[in-house]
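The values are calculated or read from the model by the stated rules, or taken from the named source; none is laboratory data. Worth saying up front: this structure is predicted, and the values here are computed from it rather than measured. Positions of Cβ are generated from backbone atoms using ideal geometry, with glycine treated the same way; all protein chains shown enter the neighbour counts.
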Amino acid sequence: MVLESKVAFITGGASGLGAGIAKKFIQEGARVIICDVDAETGTKTAQQIEGNIHFYKMDISDEEQVKKTVESVVNEFSKIDILINNAGITNDKLLLRMTKQDWESVIAINLTGTFLVTKAIMRDMIKQRYGRIVNIASVVGLIGNPGQANYAASKAGIIGFTKSCAKELAGRNITVNAIAPGFIETKMTEVLSDEVKQYYLKLIPMGKFGLPEDVANLVLFLASDQSSYITGQVICLDGGMVM
Ligand code: NAD
């Protein structure tokens, strides 16, 4: 079990990729804290996964909530070794129709939220001279996508943020990496029409969509001591879509 005695904090852990990562971490011996704005699903997910997993209701874009939650988690579990910045939303519209509110809602959660949670947790990681941070970006942050200017900007921002954090924290034995998933089967992608799904499928050399478990396997590696000399990287997990 590669995460024995580790405490992991996963944002957006109620569903999709976050829940898949939580399940994998529990199997590998970690104590897991999942936080999410969706308390009902978060509580159910924690019950279903079973084991040393705890749900906290938290909106990553609310600085006060983030500070209070991190404080109570550190009081309760005495440390946080691993942070997975996974919570994220989409609010797709072509640029001509995109309002300032559409833009800001996505940046506030995906980018500013990632900043707020990282800032709240890194102080303790610095003190203990150990940390693993994995940020969930997207291939869209690398190549762009029509209708997703706000989302693409937030994910490209996460990539720049990842590299800056990696440089600032490398000397403290804290690694910071990003994963750029392509098309993974979750709640976020199931709302897309069959036509859009077929369009993406044609762009994927492996000819199939990814599963939350594929993402969880890579997150596990980057969160473990097996990746201790890797920092500041962005790894695409996309069936060959971007190469
Ligand atoms: P999802 O919608 O299933 O899960 C996202 C979770 O984040 C939800 O449980 C939601 O309630 C939570 N959340 C939303 N806003 C929040 C907030 N302000 N504070 C706390 N929690 C919040 O989607 P998913 O596909 O599992 O996405 C997870 C991450 O992976 C996102 O950052 C997404 O952008 C990224 N991603 C997904 C795909 C994909 O194909 N599914 C591809 C690339 C990147």
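Tabulated results
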| quantity | calculated |
| --- | --- |
| Tabulated pairs, the stretch 193-207, first touching a residue at least 24 places away in the same chain (Cβ under 8 Å) and within 18 Å of Cys236 (Cβ to Cβ), second of a type in the set (Gly, Ala, Ser) and surrounded by 10 or more Cβ atoms within 10 Å (Cβ to Cβ), C-beta under 6 angstrom, 6+ apart or interchain | Ile204/Gly239; Pro205/Gly240; Met206/Gly239; Met206/Gly240 |
| Meets criteria (out of contact with any Asp or Glu (no Cβ under 8 Å at 6 or more places or on another chain), within 12 Å of the ligand (Cβ to nearest atom), part of a helix (DSSP H, G or I) and among the basic types (Lys, Arg)) for Lys44 | yes |
| Evaluation of Asp102 against (1) under 26 Å from Phe161 (Cα atoms); (2) assigned to a helix (DSSP H, G or I); (3) within 10 Å of the ligand (Cβ to nearest atom) (one fails), failing number | (3) |
| Test result for Lys187, of a type outside the set (Asp, Glu), surrounded by fewer than 16 Cβ atoms within 10 Å (Cβ to Cβ), in contact with a helix residue (DSSP H, G or I) (Cβ under 9 Å, 6 or more places away or on another chain) and modelled with pLDDT under 95 | yes |
| Residue list for the stretch 47-78, filter: over 13 Å from Val7 (Cβ atoms), among the acidic types (Asp, Glu) and either assigned to a strand (DSSP E or B) or away from the ligand (no atom under 14 Å from the Cβ) (or both) | Glu50, Glu71 |
| Yes/no for Asn135 being crowded, with 18+ Cβ neighbours inside 10 Å, closer than 19 Å to Ile21 by Cβ and modelled with pLDDT of 95 or more | yes |
| Test set (1) under 23 Å from Ala19 (Cα atoms); (2) in contact with a Pro (Cβ under 9 Å, 6 or more places away or on another chain) - Leu95 fails condition number | (1) |
| All positions within the stretch 107-155 that are assigned to a helix (DSSP H, G or I) and under 17 Å from Tyr200 (Cβ atoms) | Val140, Gly141, Leu142, Ile143, Tyr151, Ala152, Lys155 |
| For Val140: the one exception among (1) under 28 Å from Ile80 (Cβ atoms); (2) buried (at least 18 other Cβ atoms within 10 Å of the Cβ) | (1) |
| Every residue from the stretch 1-30 that is away from the ligand (no atom under 14 Å from the Cβ), touching a residue at least 60 places away in the same chain (Cβ under 8 Å) and outside any loop (DSSP other than H, G, I, E, B) | Val7, Ala8, Phe25 |
| Some residue of the stretch 92-107 being buried (at least 22 other Cβ atoms within 10 Å of the Cβ), within 18 Å of Ile60 (Cβ to Cβ) and touching a residue at least 12 places away in the same chain (Cβ under 8 Å) | yes |
